[in-house]
Amino acid sequence: MSFVLSHDAIAGAYLLDPNTGAGMSQAHQHLAQSIAERYPDVRLAQVPLNRREINEPYPFALVDTMGTVLKELRESECTISFVYRWLYEHDTTARGVKEVYEKYIAEKQRKEKVVQDSIKERHNENLDVFHTIANSPLHTFKHGTRKFG
């Protein structure tokens, strides 16, 4: 399940509730409170346990006051050092709009290159199988674990 928050989902996401402590561990509550104090427009949100799959890759997210997801977070990334480093690196007041935008574009291009490289590698593997079968005099052929005939 990808962490996409719609307006309905944001209402179901657990934000820090200091009165009840609902939904977050004490460490996550302290982190959420710390973020809210230092960055008034950013909140730590969590996918509710009853809506979360067992192997949810991104159970947490940084969201703005409008409910827009700023950064999806893995459980291991939900630490004060990671979150504050990310917030500082993406703070347009501290870094400037141009620098933050250029970093965003570079990261987007890097992710696209990874996707394109995996597509190209799969294409080359399929081409290798086709080339090997086409040049084989056998009627049945085994390539790796796949049998063709």
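Where a number appears in this text, it was derived from the coordinates with a stated rule and is not lab data. Please read all numbers here as calculations on a predicted model, not as lab measurements. Ideal geometry is used to build each Cβ from the backbone, glycine not excepted, and the neighbour counts take in all protein chains shown.
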A chain fully extended from Lys113 to Gln33 at 0.36 nm per residue, minus the present Cα-Cα distance, gains in nm 25.1 nm
Stretched fully, the stretch from Ala134 through Leu70 gains (0.36 nm per residue minus C-alpha distance, one decimal, in nm) 18.0 nm
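Number of Lys pairs in region 103-148 with C-alpha atoms less than 22 angstrom apart, excluding same-chain neighbours closer than eight positions? Working shown, then result.
Numbers: Lys103/Lys111; Lys103/Lys113; Lys108/Lys120; Lys111/Lys120.
Step by step, the pairs that qualify in region 103-148 add up to 4.
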Thr145 and Lys103 label points (each 7 Å along its Cα→Cβ direction) are spaced in nm at 4.1 nm
